[in-house]
Amino acid sequence: MTRIAFFDTKPYDREFFEAATNRSGLELCFLDHRLSEATTVTAHGADAVCCFVNDRLDRAVLTQLRNANVRHVAMRCAGFNNIDLPAAKELGLTVTRVPAYSPHAVAEHTIALLQTLNRRIHRAHNRVREHNFSLAGLVGFDLHGRTAGIIGTGKIGRITAEILRGFGMRVLAFDPFPSTAWAAENRVTYVELRELFRESHVVSLHVPLTHDTHHFINADSLAQMRRDVYLVNTSRGKLVDTGALIAALKTSHVGGVALDVYEEEEGVFFEDLSGDVLADDELARLITFPNVLITSHQAFLTREALAEIARVTTENLHCLAHGCAFLDGTQLA
Ligand code: NAI
């Protein structure tokens, strides 16, 4: 029997993983808390841990896991910025992830955020519920004919670009590894970053968080963007320097901001804190802007994505138990 400690699990994780693991041989132990140095002890007795975006997998935690005879860290997400991969390799831990579960889910949420913000759907909905049928303050703009700048044209960026082309937008893109055939087919134009910032009415981020992309959007890049730009981030919070973003919102240089991720989301996003005082002043300030829309890291949250995450992760956990090869593209260490 392979025993797996599942950290930071929510009811929807349990539902989809229980459905995917109806085979014998895997014993799932669902834990509500996140993995950190203080909680590693709860992995004792497990052969593998299954983690998510806000679990902490630094050298200290990985060392403790190794000492507890854990062999496998199965990330049930695409991003792996929260794990110290060199340390995992040194310690001989196997690390897998789910590289693509539904890029459509994230791309579609990107568009949902953009259009909700642009057409003030969230505000209109609240008004109508109060029997306030006034339209004052709800003026948006046509996407058709405007320019979108897609930063990162991997799986999610490309689908987002294609949807925006469907709205009749001109789409510019920036990626150090351009997909030229795809761009030609979809009439997307790769440009230098400076030109993308200067031209785009909407800038959308689809890059991984790495040492190089930390604070990719900062005071300097915001200053290069056109006045009234709409910024959408459904990738990782630390791509954006929140202080610089708030400053640009206060001067009205930025016209709108839609975020599914936030720089300091750990410990806040995914939790019900409605009865608590919000200790994060920058998040509290962001929430006060009428032209900022925030969802708490839910872009991936579709039935299709959850089923695929559970399928791929479970398959790899079985591979650990039976010594067979992990699914293509899933092994990081
Ligand atoms: P991907 O690996 O298919 O594509 C990433 C692209 O970014 C690649 O084409 C790469 O060349 C490009 N890139 C890397 N560094 C760059 C730079 N400095 N400037 C411009 N482009 C750069 O990744 P995918 O699947 O499209 O996911 C993108 C990101 O979306 C993930 O890294 C993850 O952080 C985020 N994500 C968010 C989710 C959510 O629920 N909000 C769910 C899944 C992913």
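The values are calculated or read from the model by the stated rules, or taken from the named source; none is laboratory data. A quick note: this is a predicted structure, and the numbers were derived from the prediction, not measured. All Cβ positions, even for glycine, are placed from backbone atoms using ideal geometry, and neighbour counts span all protein chains on display. We work out accessible area using only protein heavy atoms, side chains counted, and drop any ligands, DNA or RNA first. Shrake-Rupley method; radii C 1.70, N 1.55, O 1.52, S 1.80 Å.
Quick rundown of the values:
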item: Of all residues in region 154-182 being more than 19 Å from the chain's Cα centre (by Cα) and of a type in the set (Gly, Ala, Ser), the one that is farthest from the ligand (Cβ to nearest atom); result: Gly168
item: Hits in region 225-255 - residues which are under 19 Å from the mean Cα position of the chain (by Cα) and either assigned to a strand (DSSP E or B) or of a type in the set (D, E, K, R) (or both); result: Tyr230, Leu231, Val232, Asn233, Arg236, Lys238, Val240, Asp241
item: Qualifying position, being touching a Lys or Arg at 6+ places or on another chain (Cβ under 9 Å), open to solvent by 30 Å² or more (accessible area, probe 1.4 Å), under 17 Å from His72 (Cβ atoms) and acidic (Asp, Glu), among Glu37, Glu27; result: Glu27
item: Sole residue being touching a residue at least 24 places away in the same chain (Cβ under 8 Å), part of a helix (DSSP H, G or I) and not polar (S, T, N, Q), chosen from Ala87, Ala74, Ala112, Ala124; result: Ala87
item: Residue that is aliphatic (A, V, I, L, M) and not in a helix (DSSP H, G or I), where the choices are Leu283, Leu293, Leu222, Leu317; result: Leu293
item: Residue check, Leu205 within 15 Å of the ligand (Cβ to nearest atom), touching a residue at least 40 places away in the same chain (Cβ under 8 Å), aliphatic (A, V, I, L, M) and farther than 20 Å from Leu249 by Cα; result: no
item: Total residues in region 277-321, condition loosely packed, with under 13 Cβ neighbours inside 10 Å and either within 17 Å of the chain's Cα centre (by Cα) or in the same structural domain as Arg34 (by TED's automatic domain parsing) (or both); result: 2
item: Residue list for region 91-118, filter: touching a strand residue (DSSP E or B) at 6+ places or on another chain (Cβ under 8 Å), over 18 Å from Ala307 (Cα atoms) and either open to solvent by less than 10 Å² (accessible area, probe 1.4 Å) or not assigned by TED's automatic domain parsing to the domain that holds Gly166 (or both); result: Leu93, Thr94, Val95, Thr110, Leu113, Leu114, Leu117, Asn118
item: Test: residue in region 159-166 that is touching a strand residue (DSSP E or B) at 6+ places or on another chain (Cβ under 8 Å), without any contact (Cβ under 8 Å) to a residue 40 or more places away in the chain and not polar (S, T, N, Q); result: yes
item: Flag if Val128 is open to solvent by 70 Å² or more (accessible area, probe 1.4 Å), at pLDDT 95 or above and aliphatic (A, V, I, L, M); result: yes
item: Answer from Ser221, Ser252, Ser274 - the residue that is small (Gly, Ala, Ser), surrounded by fewer than 18 Cβ atoms within 10 Å (Cβ to Cβ) and closer than 27 Å to Asn82 by Cβ; result: Ser274
item: Flag if Val261 is within 11 Å of the ligand (Cβ to nearest atom), closer than 17 Å to Leu114 by Cα and open to solvent by less than 20 Å² (accessible area, probe 1.4 Å); result: yes
item: Inter-residue pairs, beta-carbon under 9 Å, first closer than 20 Å to Thr210 by Cα and assigned by TED's automatic domain parsing to the domain that holds Arg226 and in region 140-153, second outside any strand (DSSP E or B) and among the acidic types (Asp, Glu), 6+ apart; result: Ile150/Asp175; Ile151/Asp175; Gly152/Asp175; Thr153/Asp175
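Condition check ((1) crowded, with 17+ Cβ neighbours inside 10 Å; (2) under 18 Å from His318 (Cβ atoms); (3) among the aliphatic types (A, V, I, L, M)) across all residues:
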position: Glu15; (1), (2), (3): no, no, no
position: Asn22; (1), (2), (3): no, yes, no
position: Val41; (1), (2), (3): no, no, yes
position: Ala48; (1), (2), (3): yes, yes, yes
position: Phe52; (1), (2), (3): yes, no, no
position: Ala60; (1), (2), (3): no, no, yes
position: Asn67; (1), (2), (3): no, no, no
position: Arg71; (1), (2), (3): no, yes, no
position: Arg76; (1), (2), (3): yes, yes, no
